[in-house]
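Report on one structure; see the data block that follows.
The values are calculated or read from the model by the stated rules, or taken from the named source; none is laboratory data. Owing to the predicted nature of the structure, the values given are computational and were not obtained by experimental measurement. Methodologically, a virtual Cβ is constructed for each residue, glycine included, from the backbone with ideal geometry; neighbour enumeration extends over all protein chains shown. Side chains included, ligands, DNA and RNA excluded: accessible areas come from the protein's heavy atoms. Shrake-Rupley method; radii C 1.70, N 1.55, O 1.52, S 1.80 Å.
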Amino acid sequence: MEDVLAVYARPYDPARPVVCMDEKPYQLLDHVRGPIPARPGRDACQDSEYIHCGTCSVFVWTEPLRGWRRTQALSRRTRIDWAGQVKQLLTRQL
């Protein structure tokens with residue numbers, strides 16, 4: 001772990017960028033019934049019942065020392081999708 005932290009502590013060098021990647025699957029949910037807005041003397045009410053509307057995968061690439069990031073949400077996550085994200089990172093002008 002110390003080796004990784006040492007990489008993050010390096011000074012910024014455009015010839016050797018430190019790029020971080022993360023991906024996260026998300027469940028897409030919706031309310032069965034719409035929330036009831038607050039009114040005088042009553043708090044807003046929201047039902048805990050929900051409808052499952054599928055999933056998506058969010059990819060995040062960041063170069064923290066440069067202040068750059070890129071995010072993309074995809075409707076699925078396969079090995080080919082992940083490889084496509086890496087290919088975009090390596091071939092696109094940042």
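Scanning segment 84-94 for residues that are surrounded by 11 or more Cβ atoms within 10 Å (Cβ to Cβ) and polar (S, T, N, Q) returns Q85, Q88. Check segment 31-39 and report whether any residue there is modelled with pLDDT of 90 or more and on the phi > 0 side of the Ramachandran plot. The answer is no, given that none of the residues of segment 31-39 is modelled with pLDDT of 90 or more and on the phi > 0 side of the Ramachandran plot.
Look at V32 and say whether it is over 16 Å from the mean Cα position of the chain (by Cα), open to solvent by less than 80 Å² (accessible area, probe 1.4 Å) and among the β-branched types (V, I, T).
Working: over 16 Å from the mean Cα position of the chain (by Cα): yes; open to solvent by less than 80 Å² (accessible area, probe 1.4 Å): yes; among the β-branched types (V, I, T): yes.
Judged against the criteria, V32 is a match.
Condition test on D81, is it at pLDDT below 95, open to solvent by less than 70 Å² (accessible area, probe 1.4 Å), touching a His at 6+ places or on another chain (Cβ under 7 Å) and not in a strand (DSSP E or B)? No; evaluated as a whole, the condition is false for this residue. Only residues that are among the hydroxyl-bearing types (S, T, Y), farther than 27 Å from R16 by Cβ and in contact with a Cys (Cβ under 7 Å, 6 or more places away or on another chain) were counted across segment 59-82, and they come to 1. For segment 10-23, the count of residues that are assigned to a loop (DSSP other than H, G, I, E, B) and small (G, A, S) is at least one.
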